[in-house]
Amino acid sequence: MVRNGNALVFTGALSREACAAAWKQAQSMLGADVDTFDLRAVDRIDSAGLALLAELAGRCDGVDVLGEPTGLAELRTAYRLDTALAFHG
């Protein structure tokens, strides 16, 4: 993961195995000005990866999500998250 302006750019798989390291890295990069999560280079995501993204999104004033890695749409639906990864009851 890298920060590019106001975007956090994620790469590879956002899976349970990758989340601990991604969490530590994201915390050091996250700021109030982050407004985009770029997932275009993410090849797949599991529920742990979605939880990571949703938690990070909750710490921002809303985010735009770029890209649709394998698993994202299904997980968003299952956990009732909108396209900005916010819960929509």
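Computed from the coordinates by the stated procedures, all read-outs in this text should not be read as laboratory data. The structure displayed is predicted, hence computed values, not measured ones. Please note: Cβ atoms are built from the backbone with ideal geometry, for glycine as well, and neighbour counts cover all protein chains shown.
DSSP bridge analysis restricted to the range 2-78 gives an antiparallel fraction near 20%, rounded to the nearest 5. For the peptides 55-65, 24-34, the ranking by packing is 55-65, 24-34, with the highest mean count of neighbouring Cβ atoms within 10 Å listed first. Take the Cα of ARG40, step 7 Å toward its Cβ, do the same at ARG80, and the gap between the two points is 3.3 nm.
Relative to one another, the C-alpha centroids of the range 1-50 and the range 61-77 are positioned 12 Å apart. Measuring nothing but alpha carbons in the chain and taking Rh as the Kirkwood radius, the Rg to Rh ratio lands at 0.91.
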